[in-house]
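Report on the structure given below.
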Amino acid sequence: MNLNDLSDSQQTVLKELYQGVLDGDEEQCTLMAQKTHEEGIPPLEVIDRVLTPALREVGEAFNRMDIYLPEMVVCADAMQAAIKVLEQFFDKADQRTKGTLVLGTVKGDIHDIGKNIFKVLLEVNGFKVIDLGRDIAPVTFIDQAEDSGAEIIAMSGLLSTSLSMMRDTIQILNDDGIRDKFNVIIGGGPTSQNFAEEIGADGYADTAYEGVQLCNEILIVKA
Amino acid sequence: MPGLHFDTLDRLNSGSRVREDDFDKSIFPRVKELIKKYEIKFDPETPVPADDAMADRLFAAGMEYAVEKGLWVLDTQKVIKFTAAEIWRVLDNLHSPLWFGHAKDQVCLQPRKPESTIRPLVLGGAAGSSVTEGEIYTKLMMGYALEPTIDMISNANPTFIEGREIQPFSPLETHGAIQEVGWIREAVRRSGRPGMPLWVAPGAAATAPPAIAIINEERGIRKGDFLYAAMLTELKIDFDRLTRAVAAIENEIHVATLLAPMIGGWAGPPEGAAVVGVAECILAATAFSATIAVNHPVIMTLKNGATTHRQTLWVESAIGQAMSRNTNFPLGQNVFVDARAGTREILYEAAANAAVAVSSGQHTGAGPSGVTGGDDVDMISPMEARMMGEVSRAVTGMSRVDANEIVKYCLQQYEPTLGHPPRGKRYQDLYDLECMKPGQEWLDLFETVKADLKAHGVPFRY
């Protein structure tokens, strides 16, 4: 779809939807998403041409700290409101996500703000996230990943004792002979690239933003 | 009795359930209103503001928010609240001065105000920093105890216990915590400071049982020492940490709680973190029956929890001034650094944070430290604590305007590398651990930075 080929009314609707995401306006996004359908614009085009770039702009503003977590969450909620409308108009073949992650703060650790920021950034970037919360045992990560068909297990922690839990999770995957089924990434205060390599993780990210880029590199977008 | 016994304990499971999401998301919209109502303004050129009226307005904003918002209880998903009258009943009846430790090592905690000439307490330690167990850990603690500017001593985080990786909730956690405090006890004795007060959140332990297992008059934390029971970000508490507080108080041990408002998180900008931080101090004093709160604002962009970012320094100072001007509830300024031992940057970070803390009506420390782990082990030394302590002494009584100039100069020295600091060296490579003396190279660098700071306004006495 070439944007220049769109009618004025179609372009207006798309622009207002884009702005609705930037403004975190759920009502606007819901209304405009419905109007894209009335204007005959395919839902996948709306996601690819409007919602994804809008959210990318939001994510970049968050990374620069031009906006803060609550504002990004409001924008993400507005996006989700638009997607909820558009989902009605998808063909089954249209439905896609970049990939699925099982995410949590490891056992013994209740620090989760970094994990929560990562979750929001992942969702605005098209990933499906199963957020297990905090204080999550190694086997819970694995069981939930298996049950959900997730491609990535993502573990976070702030305490130094969390490192042993990350190591244990990978060890259990190895012992069960299912290590190759999942990509395992880690993040949080005491973690590092060297530690990730030491325990055999597939990746480490210093920041939530880098974590999203890591997930993009690890996974292939499903068509 | 207002406070932990029994207001807090009674209210933990009262009222209707509040979803955590809803609690979190409602913070920023309201805090934005309070920022506007009370005209709280962050100035990046003034990390140490000298605006008494704004400090008082910030306190008023924090008090209003504390009463309105309350604390969310993780285990019950309920919110506990205190009225302003209940809060003031606690704050107005805090006892001071308080004495900690024994014999010649006894120290006095007195309320301070901004620019106060009252001697601040300086707490040296490496909480959060990964350190090799046993003799290295003990010698690091000895290093702090041998610094005369350090009044109290806090722990580090042992990487292994008896060569074994520590698993949360395992019995090894408890064994590790008991050993750890034993090393600290040994360290202060070997350093000739057996009466030094201890301030501990065992690095070997993530959970409450080991933290309580270290209460022991002979070889653990004793009456008059401190046990950490932190709050969770933002405005949250849980049974684990309250359990530590109950155990501490009923064993005549002080509760040190901690607040870590996050710039960029649910509280939004620096002004939001300041408002939420003041609310957290007020509620910490009330809900935990804490003796002191450790002020530890963080910023989203620094993953190791460093407190030396320009914005976090401002939030620290703002909270410190708001609380000290309006209450006698003491605050310690946690000093978490980005750089590692052996670098000039870590010394300027320590100096900046000390200047902020003392001029803003607080005490200094624990620290300097940083969240490290994995391969980042033993990258901390007592020399940065020496800088923190000597600057704390030197700037006692200094005006906020003068302190601000010192802090801005320090920022020039380390701000360019914040987030990607120089690597540094291990403690055992910087010090001669056999005779417990810093190596010449590290000592020379310290003296160079100290001379530079003196030339830029720090009136060192020695």
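Before moving on, here are some points about what is shown:
- Charged-residue dipole, Cβ positions (Lys, Arg, Asp, Glu), the protein assembly as shown about Cα centre, Debye nearest 20: 1980
- Restricting the stretch B:1-83 to GluC sites (Glu not before Pro) in coil, as DSSP defines it, with at most 13 other Cβ within 10 Å: B:Glu39, B:Glu45
- Efficiency of FRET from Cβ geometry, B:Leu98 and B:Arg219, R₀ 25 Å, rounded to 0.05: 0.55
- Theoretical FRET efficiency, 1/(1+(r/R0)^6), r = Cβ-Cβ of A:Glu45 and A:Ser148, R0 35 Å, to 0.05: 0.75
- Under-5 Å amide H pairs with A:Asp135, H placed in peptide plane, nonlocal only: A:Thr105, A:Val106, A:Gly108, A:Asp109
- Dipole of the protein assembly as shown, positive direction: furthest Cα of B:Thr396, A:Asn174, B:Ala341, with charges on the beta-carbon: B:Thr396
- The stretch B:304-462, dipole about Cα centre (Lys/Arg Cβ +1, Asp/Glu Cβ -1), debye to the nearest 20: 540
- By the equivalent-ellipsoid construction on the alpha carbon gyration tensor, chain B comes out with semi-axes of 31, 27, 20 Å, ordered largest to smallest.
- Overall dimensions of the stretch B:160-221 as given by Cα atoms, namely Rg and Dmax in Å: 11.6, 35
- Around the amide H of B:Gln362, modelled in the peptide plane, lies no amide H under 5 Å away from a residue 5 or more places distant or on another chain.
- Extending 7 Å from Cα along the Cβ direction at B:Arg17 and again at B:Glu165 yields two label points whose distance is 3.5 nm.
- Along the stretch B:196-212 the Karplus relation, 6.51 cos²θ - 1.76 cosθ + 1.60 evaluated at θ = phi - 60°, assigns HN-Hα couplings of 5, x, 9, 9, 10, 10, x, x, 6, 10, 9, 10, 5, x, x, 4, 7 Hz to successive residues, with x for each Gly and Pro.
- Extension gain for A:Asn194-A:Val139 works out to 17.4 nm (0.36 nm per residue, less the C-alpha to C-alpha distance).
- Restricting the calculation to Cα atoms, every distinct pair contributes to the Kirkwood radius of the stretch A:3-90, found to be 12.7 Å.
- Choice from A:Ile172, A:Ile186, A:Ile117 showing the highest fluctuation, given a GNM over chain A with Cα pairs closer than 10 Å: A:Ile172
- Taking the number of Cβ atoms within 10 Å of each Cβ as an exposure proxy, the fewest-first ranking of B:Asp56, A:Asp5, B:Asp432, A:Asp109 is A:Asp5, B:Asp432, B:Asp56, A:Asp109.
- Remark: the stretch B:364-456 carries a charge dipole of roughly 340 debye about the Cα centre, counting +1 on each Lys and Arg Cβ and -1 on each Asp and Glu Cβ.
- Between amide H atoms placed 1.01 Å from N, distances below 5 Å from B:Ile299 occur with B:Ile263, all of them 5 or more places distant or on a separate chain.
- Residue among B:Ala126, B:Gln167, B:Pro194 farthest towards the positive dipole end of the stretch B:126-232, charges placed on Cβ: B:Pro194
- Taken along the Cα-to-beta-carbon direction at a fixed 7 Å, the label points for B:Asp43 and B:Gln428 span 4.9 nm.
- Taking 31 Å as the limit for the C-alpha separation, the pairs B:Lys32/B:Lys450; B:Lys425/B:Lys454; A:Lys119/A:Lys181; B:Lys25/B:Lys408; A:Lys84/A:Lys115; A:Lys35/B:Lys303 exceed it in the case of B:Lys32/B:Lys450; B:Lys25/B:Lys408; A:Lys35/B:Lys303.
- Sorted largest first, extent of the protein assembly as shown alpha carbons per principal axis (Å): 83, 60, 53
- Dipole orientation for the protein assembly as shown: of the candidates B:Val246, A:Gly203, B:Gly265, B:Val246 has the Cα lying most toward the positive pole (charges on Cβ; Lys, Arg +1; Asp, Glu -1).
- Vicinal HN-Hα couplings computed from phi for the stretch B:91-106 (Karplus, 6.51 cos²θ - 1.76 cosθ + 1.60; Hz; Gly/Pro x): 4, 6, 10, 5, 8, 7, x, 10, 10, 10, x, 9, 6, 5, 8, 5
- Annotation for the stretch B:387-433: chymotrypsin sites (Phe, Trp or Tyr not before Pro) lying in DSSP loop with at most 16 further Cβ atoms inside 10 Å of their Cβ do not exist.
- Neighbour-count order for B:Lys32, A:Lys107, fewest beta carbons within 10 angstrom listed first: B:Lys32, A:Lys107
- Checking every one of the GluC sites (Glu not before Pro) in the stretch B:212-270 against DSSP loop status and a limit of 15 other Cβ atoms within 10 Å picks out B:Glu217, B:Glu218, B:Glu252.
- Figure legend: label point modelled 7 angstrom from the Cα of B:Glu33 along Cα→Cβ; residues of the stretch B:66-98 with amide N under 20 Å from it are B:66-72, B:79-84.
- Estimated inter-spin distance, A:Gln34 and B:Cys108, nm [label 7 Å along Cα→Cβ]: 7.2
Read-outs throughout are calculated quantities, based only on the coordinates presented, and are distinct from any laboratory measurement. Not measured: the values here are computed from a predicted model. Glycine also receives a Cβ, built like all others from the backbone with ideal geometry; neighbour counts cover every protein chain displayed.
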